[in-house]
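Peer 1: My questions all concern the structure below.
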Amino acid sequence: MITELGHFALILAFMIAIVQAVIPLIGAHKRWPGWMAVAEPAAQAQFLFTAFAFGALTWAFITSDFSLKLVTLNSHSAKPMLYKISGTWGNHEGSMLLWVLIVALFGAMASVFGGGLPPTLKARVLAVQAAIGVAFYAFILFTSNPFLRLTVPPFDGQDLNPLLQDPGLAFHPPFLYLGYVGLSMTFSFAVAALIEGRVDAAWGRWVRPWTLAAWIFLTIGIGLGSWWAYYELGWGGFWFWDPVENASFMPWLLAAALLHSAIVVEKREALKSWTILLAILAFGFSLIGTFIVRSGIITSVHAFANDPERGVFILFILAVFTGGALTLFAARAQAMEAKGVFGVVSRESALVANNILLAVSCFVVFFGTVWPIVAEMVFARKLSVGPPFFNSAFTPFMVVLGLIMPIGAMLPWKRGRIGRTAWQLRYVFVLAVSLGVLAWALQTGKSALGPVGLFLGSWMVFGALADLWLRSGKSGRLQRMLRLPRADWGKAVAHGGLGITIFAIAGLTAWEQEDIRVARIGEPFDVGAFTLVLKDVSREQGPNYFSSKGRVEVTRNGRPEALLFPEKRDYPVARMPTTEAAIDYRVARDLYVVLGDQQADGSWTMRTYIKPLANWIWGGSILMALGGLLSLSDRRFRVAAGARKSPSAGVPAE
């Protein structure tokens, strides 16, 4: 019964979304307050009905209701409860329901927290957000209904993909979707501003929190996905430039550019057209990512569906919303005249450079992702664009971005002197160079990647700290620094987190050690400074799998260092094996052990990695997200801040 109620609630949400997309838009055009007021209760009701539908589907997974086709295909009665719940969104239909739930959530939040927005702008924002919801409600109800029943329910289900039965993958999709779909709100603000012909400092202040929230969630989601790939897949890497990885990374890059561009709109009323365009493209790339994952054009462990018909539907949604918004952008371009004038050397120019580097790097990733698909479709040629291309094509943009970031963040608005700012950072530069040279001197027979990464990361981290120190004045600096606005601290923490991540990636790539061998029970072998012994391999049974679990003793200079238990699991229902790496996590390095197949003589293949600075990659990601949260908590950047400052709610750009 609850399943039918959930299906009915989803249909009601669809109908409410249609009303919300049409009535407030007409009301805003006609200046009818009653019609515009429909948007707020409609947005909240739409969210409540969608939440009920999602809750009904979750309950079906929790109770193992195998009369529901989706539960049968993606669950099993012996599966742990966490993975029964995560199975709700670990499939195409359930994940799309999560998608529309988040669309409705952001619309409801805008209706509640957008009290300071001008009524016409608010009505249009909520109407555009509802229009996005309408498209995806239709997609779910007509092509991907999660509430389909089976005539003859089976005794048990077919289980969830074993690779997805992991805590990292349980939480990775919700965070990623909150970022993906959160960009729909910045898109709605951009389209609403284009309809009104109004883009001003107040608009920049209103759109920033939504952009920042989406960027934070994307950062967390990408970090969780990278961490999962590192410890779960057993190949020892954290990023492979997989098309689906790229599908989330591209919106992240554009969201970062949009966040910085919106600052210029807010502070200087410049870059209006560019900021609107970025808001459209950021959500457009989210839709492109959805198309890549669900159309069947690529094969990946991350892909949800392999159905070209669904892909065509999503492609139509992408064309309507992105194409329509770009057409409206072209028609309204003259209404977004920039007011702020700035010199070549200024913070505005540094932010423009930041935007160009982020946007171009995004399109480099996009080209590398889609070119094999285009080549196969158009030229009937199978091409492979792998990590070497992305590493060589993408890295230079990030190096230049890291070099200019500390100086750009300290330049004054409108006009500055680069020599003066660079002189303020002289000690930071000397320290960064010294650390890079020290790393070069200590390493033997290695590439320059590690020292260069240490220099660049140190330059960014200490440059961010220097920015805070110089902002605090000349007397009582520590107290003044602690009293700086949270946005200033957020910027420094996020920039420092990026520097740490860059250094960690460079250090891991340059200084990693790898050993692959056939290990015999009880026979020690050396990897780097460690001695490892495979003591035994036991056969064990888990909740819904069988495991061959190794016991590996690790010593260093004769002293016990770690006891590791790598596994090979076999899931009989899904008929799929998985590799569970055993990792000894330390601050400066990880010791990573993978158990392979058993040989005819009773020995086992083993892979061992020494991975320096691996945890610093995710530590930097955490710092970036924390910096975003600090900035988001700054009271100056709440949604209604601009309205409180100016009753007129901005001056039309015309």
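Peer 1: What are the residues in the range 327-353 that are part of a helix (DSSP H, G or I) and closer than 28 Å to Ile195 by Cα, if any? Full working, then the answer.
Peer 2: Applying the first criterion (part of a helix (DSSP H, G or I)) to the range 327-353 yields 327-335, 347-353.
Matches in the range 327-353: Thr327, Leu328, Phe329, Ala330, Ala331, Arg332, Ala333, Gln334, Ala335, Glu348, Leu351, Val352.
Peer 1: Conditions first: (1) part of a helix (DSSP H, G or I); (2) surrounded by 13 or more Cβ atoms within 10 Å (Cβ to Cβ); (3) over 34 Å from the mean Cα position of the chain (by Cα). Glu553 passes all but one, so which condition is the exception?
Peer 2: Failing condition for Glu553: (1).
Peer 1: Looking at the range 103-120, which of the residues that are of a type in the set (A, V, I, L, M, F, W, C) and crowded, with 24+ Cβ neighbours inside 10 Å is farthest from Phe14 (Cα to Cα)?
Peer 2: Leu117
Peer 1: Restricting to the range 434-458, give me the number of residues that are of a type in the set (A, V, I, L, M) and touching a helix residue (DSSP H, G or I) at 6+ places or on another chain (Cβ under 6 Å).
Peer 2: 5
Peer 1: Quick check: is even one residue across the range 219-240 polar (S, T, N, Q), assigned to a loop (DSSP other than H, G, I, E, B) and farther than 27 Å from Ala325 by Cα? If you could, list the steps in order and put the result at the bottom.
Peer 2: Residues of the range 219-240 that are polar (S, T, N, Q), as a first pass: 219, 226.
Within this subset, residues satisfying the condition of being assigned to a loop (DSSP other than H, G, I, E, B) are none.
So far as the range 219-240 goes, no, none of its residues is polar (S, T, N, Q), assigned to a loop (DSSP other than H, G, I, E, B) and farther than 27 Å from Ala325 by Cα.
Peer 1: Answer yes if at least one residue in the range 210-226 is hydroxyl-bearing (Ser, Thr, Tyr), modelled with pLDDT of 90 or more and surrounded by fewer than 24 Cβ atoms within 10 Å (Cβ to Cβ), and no otherwise.
Peer 2: yes
Peer 1: Taking the residues in the range 34-69 that are touching a residue at least 24 places away in the same chain (Cβ under 8 Å) and polar (S, T, N, Q) as candidates, determine which candidate is nearest to Pro154 (Cα to Cα).
Peer 2: Among those that are touching a residue at least 24 places away in the same chain (Cβ under 8 Å) and polar (S, T, N, Q), it is Ser67.
Peer 1: Now for a different question. Just to verify a result, which residue in the range 474-531, among those that are touching a residue at least 60 places away in the same chain (Cβ under 8 Å) and hydroxyl-bearing (Ser, Thr, Tyr), is farthest from Gly237 (Cα to Cα)?
Peer 2: Thr501
Peer 1: Of Leu253, Leu287, Leu233, which residue is over 28 Å from Gly116 (Cα atoms), modelled with pLDDT of 95 or more and in the same structural domain as Tyr177 (by TED's automatic domain parsing)?
Peer 2: Numbers: Leu287 fails: modelled with pLDDT of 95 or more; Leu233 fails: modelled with pLDDT of 95 or more.
It is Leu253.
Peer 1: While we're here: Of all residues in the range 442-462, count the ones that are surrounded by fewer than 23 Cβ atoms within 10 Å (Cβ to Cβ) and of a type in the set (Val, Ile, Thr).
Peer 2: 2
Residues are listed down the side, and each one gets a yes or a no for (1) over 15 Å from Ile502 (Cα atoms); (2) among the β-branched types (Val, Ile, Thr):
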site: Phe363; (1), (2): yes, no
site: Val378; (1), (2): yes, yes
site: Pro387; (1), (2): yes, no
site: Asn391; (1), (2): no, no
site: Gly408; (1), (2): yes, no
site: Pro412; (1), (2): yes, no
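Peer 1: To continue, here is another question. Could we say that Thr186 is touching a Leu at 6+ places or on another chain (Cβ under 7 Å), buried (at least 24 other Cβ atoms within 10 Å of the Cβ) and either polar (S, T, N, Q) or not assigned by TED's automatic domain parsing to the domain that holds Ile280 (or both) here? Can you show your working first?
Peer 2: On the way: touching a Leu at 6+ places or on another chain (Cβ under 7 Å): yes; buried (at least 24 other Cβ atoms within 10 Å of the Cβ): yes; either polar (S, T, N, Q) or not assigned by TED's automatic domain parsing to the domain that holds Ile280 (or both): yes.
It is true that Thr186 is touching a Leu at 6+ places or on another chain (Cβ under 7 Å), buried (at least 24 other Cβ atoms within 10 Å of the Cβ) and either polar (S, T, N, Q) or not assigned by TED's automatic domain parsing to the domain that holds Ile280 (or both).
Peer 1: How many residues, within the range 43-78, are assigned to a helix (DSSP H, G or I) and either in contact with a Leu (Cβ under 9 Å, 6 or more places away or on another chain) or within 13 Å of Pro146 (Cβ to Cβ) (or both)?
Peer 2: First pass over the range 43-78, keeping only residues assigned to a helix (DSSP H, G or I): 43-62, 69-74.
Add one more test, that the residue is either in contact with a Leu (Cβ under 9 Å, 6 or more places away or on another chain) or within 13 Å of Pro146 (Cβ to Cβ) (or both), and what stays is 43, 45-47, 49-61, 69-74.
Residues flagged as assigned to a helix (DSSP H, G or I) and either in contact with a Leu (Cβ under 9 Å, 6 or more places away or on another chain) or within 13 Å of Pro146 (Cβ to Cβ) (or both) within the range 43-78 amount to 23.
Peer 1: Related question: Tally up the residues in the range 383-397 that are part of a helix (DSSP H, G or I), loosely packed, with under 11 Cβ neighbours inside 10 Å and of a type in the set (Gly, Ala, Ser), please. Before you say what the answer is, go through the steps one by one.
Peer 2: From the range 383-397, those part of a helix (DSSP H, G or I) are 387-397; that's our starting set.
Imposing the further condition that a residue be loosely packed, with under 11 Cβ neighbours inside 10 Å reduces the set to 388, 392.
Now drop any that are not of a type in the set (Gly, Ala, Ser), which leaves 392.
Result for the range 383-397: 1.
Peer 1: May I pose another question? Would you check if there is a residue in the range 362-382 being assigned to a helix (DSSP H, G or I) and within 19 Å of Phe455 (Cβ to Cβ)? Don't jump to the end; show me each part of the working.
Peer 2: Within the range 362-382, the subset assigned to a helix (DSSP H, G or I) is 362-379.
Subset that is within 19 Å of Phe455 (Cβ to Cβ): none.
Checking the range 362-382: not a single residue is assigned to a helix (DSSP H, G or I) and within 19 Å of Phe455 (Cβ to Cβ).
Peer 1: Limited to the range 1-30, what total is found for residues that are under 21 Å from Leu68 (Cα atoms), buried (at least 17 other Cβ atoms within 10 Å of the Cβ) and among the β-branched types (Val, Ile, Thr)?
Peer 2: 1
Peer 1: How do the pairs read when you match residues in the range 79-102 that are free of Cβ contacts under 8 Å to residues at least 40 places away in the same chain with residues anywhere that are surrounded by fewer than 23 Cβ atoms within 10 Å (Cβ to Cβ) and assigned to a helix (DSSP H, G or I), using Cβ under 6 Å and keeping only pairs 6 or more apart or on different chains?
Peer 2: Short answer, once both residue conditions are applied: Lys84/Ile62; Thr88/Thr58.
Peer 1: Filter the range 463-518 down to the residues that are in contact with a helix residue (DSSP H, G or I) (Cβ under 9 Å, 6 or more places away or on another chain) and among the hydroxyl-bearing types (Ser, Thr, Tyr), then identify the one that is surrounded by the most Cβ atoms within 10 Å (Cβ to Cβ).
Peer 2: Restricting to residues being in contact with a helix residue (DSSP H, G or I) (Cβ under 9 Å, 6 or more places away or on another chain) and among the hydroxyl-bearing types (Ser, Thr, Tyr), the top hit is Thr501.
Peer 1: Which of (1) without any contact (Cβ under 8 Å) to a residue 24 or more places away in the chain; (2) touching a strand residue (DSSP E or B) at 6+ places or on another chain (Cβ under 9 Å) does Tyr609 not meet, given it meets every other one?
Peer 2: Only one criterion is unmet by Tyr609, namely (1).
Peer 1: Let me ask you something else. Hey, can you tell me all the residues within the range 556-579 that are surrounded by 19 or more Cβ atoms within 10 Å (Cβ to Cβ) and closer than 16 Å to Thr608 by Cβ?
Peer 2: Leu564, Pro566, Glu567, Lys568 - these are the residues of the range 556-579 that are surrounded by 19 or more Cβ atoms within 10 Å (Cβ to Cβ) and closer than 16 Å to Thr608 by Cβ.
Peer 1: Inspect the range 607-622 for any residue being crowded, with 17+ Cβ neighbours inside 10 Å, closer than 28 Å to Val461 by Cα and of a type in the set (Lys, Arg) and give the result as yes or no.
Peer 2: yes
Peer 1: Another question, if that's okay. Checking the structure you have, find out if any residue of the range 7-17 is under 21 Å from Phe189 (Cβ atoms) and at pLDDT 95 or above.
Peer 2: Checked against the condition, which is being under 21 Å from Phe189 (Cβ atoms) and at pLDDT 95 or above, the range 7-17 yields at least one hit.
Peer 1: A further question follows. What number goes with the only condition from (1) within 29 Å of the chain's Cα centre (by Cα); (2) of a type outside the set (S, T, N, Q); (3) not in a loop (DSSP other than H, G, I, E, B) that Gly27 does not pass?
Peer 2: (1)
Peer 1: Sticking with this structure for a sec: Inside the range 403-433, can you point out the residues that are surrounded by 13 or more Cβ atoms within 10 Å (Cβ to Cβ) and without any contact (Cβ under 8 Å) to a residue 24 or more places away in the chain?
Peer 2: Thr421, Ala422, Val433
The values are calculated or read from the model by the stated rules, or taken from the named source; none is laboratory data. All values derive from a computational prediction rather than experimental measurement. Positions of Cβ are backbone-derived with ideal geometry, glycine not excepted, and every protein chain shown enters the neighbour counts.
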